[in-house]
Amino acid sequence: MSSFTIAVLVKNEFGVLNRVTSMFRRRRFNINSLTVSETESPGLSRITVSSSGLETDKKQLINQLYKLPDVCSIKELDIVESVTCELMLIKMKNDPETRGDIRDAAQAFGAKTVDYTRESVTMRLTGTSRELDAFTDLMRDFTILEICRTGIVSLERGSTTIRKMEI
């Protein structure tokens, strides 16, 4: 099984997300990451999905997605040919004994403190999934109170887009 990320350009209408994710469920793909947002065109939304599976099953899934009437375009995103990142908020216990170590790790990873109280410190970090995983693993030596992560967002490098258009 291999991991993959696909971007699906869809009509920005009620129920479309359900129809797209139902296709993953019916094809027995677990969704590792899901991000949905309106695009530069208000009538369109972009769904970015990270999953894993066999190559033949993935191709069949993509073919089935194309059959949905709300799907305009699909693009498999190559990690080398794409700019990819994720956002994480992590809330840590603000303990005087560990405060310096947490601050040093946050600085090394480029995390920004966005909330600070006597009881907790919340940091924001953007990066690849691997970078966020590494930071989380490091923070496990301390007291993590809460973590919230977005799904992957990804665009192809250069002028290539998910749909054909003049630039």
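A few points about this structure:
- Among (1) modelled with pLDDT of 95 or more; (2) out of contact with any strand residue (DSSP E or B) (no Cβ under 8 Å at 6 or more places or on another chain), the one test that Thr113 misses: (2)
- Close pairs from segment 118-137: first of a type in the set (Gly, Ala, Ser), partner assigned to a loop (DSSP other than H, G, I, E, B), Cβ under 8 Å, at least 6 apart: Ser120/Asn94; Gly127/Gly110; Ser129/Ile152
- If you go through segment 31-68 and keep only what is within 18 Å of Thr150 (Cβ to Cβ) and either basic (Lys, Arg) or not in a strand (DSSP E or B) (or both), you end up with Thr39, Arg46.
- Being among the polar types (S, T, N, Q), part of a strand (DSSP E or B) and not assigned by TED's automatic domain parsing to the domain that holds Val10 holds for only one residue in Thr161, Thr136, Thr126, and it is Thr126.
- Across segment 66-124, the number of residues qualifying as of a type in the set (Val, Ile, Thr), surrounded by fewer than 17 Cβ atoms within 10 Å (Cβ to Cβ) and more than 30 Å from Ser159 (Cβ to Cβ) comes to 4.
- Whether a residue is loosely packed, with under 11 Cβ neighbours inside 10 Å, within 21 Å of the chain's Cα centre (by Cα) and either modelled with pLDDT under 95 or farther than 30 Å from Met1 by Cα (or both) was assessed, and Glu146 passes this test.
- From the list Ile147, Ile90, Ile62, the one residue that fits, being in the same structural domain as Asn32 (by TED's automatic domain parsing), in contact with a strand residue (DSSP E or B) (Cβ under 7 Å, 6 or more places away or on another chain), β-branched (Val, Ile, Thr) and under 30 Å from Val8 (Cβ atoms), is Ile62.
- Taking the criterion of being in a strand (DSSP E or B), over 17 Å from Glu97 (Cβ atoms) and aliphatic (A, V, I, L, M), the residues of segment 107-123 that qualify are Val114, Met123.
- For the residues Asp101, Asp95, Asp137, the requirement of being out of contact with any strand residue (DSSP E or B) (no Cβ under 6 Å at 6 or more places or on another chain) and closer than 25 Å to Ser52 by Cβ singles out Asp137.
- The listed residues are Asp141, Asp104, Asp115, and the only one of them that is acidic (Asp, Glu) and in contact with a helix residue (DSSP H, G or I) (Cβ under 9 Å, 6 or more places away or on another chain) turns out to be Asp141.
- Taken over segment 125-143, the criterion of being among the acidic types (Asp, Glu) and under 25 Å from Leu155 (Cβ atoms) is satisfied by Glu131, Asp133.
- Within segment 116-135, the residues that satisfy the criterion of being more than 16 Å from Asp95 (Cβ to Cβ) and at pLDDT 95 or above are Arg124, Leu125, Thr126, Gly127, Glu131, Leu132, Asp133, Ala134, Phe135.
- Looking across segment 1-30, the residues that are of a type outside the set (A, V, I, L, M, F, W, C) and in a strand (DSSP E or B) come down to Ser2, Ser3, Thr5, Lys11.
The values are calculated or read from the model by the stated rules, or taken from the named source; none is laboratory data. Note that the structure is a prediction, hence the values are computed from the model and not measured. Virtual Cβ from ideal backbone geometry, glycine too; neighbours counted across all protein chains shown.
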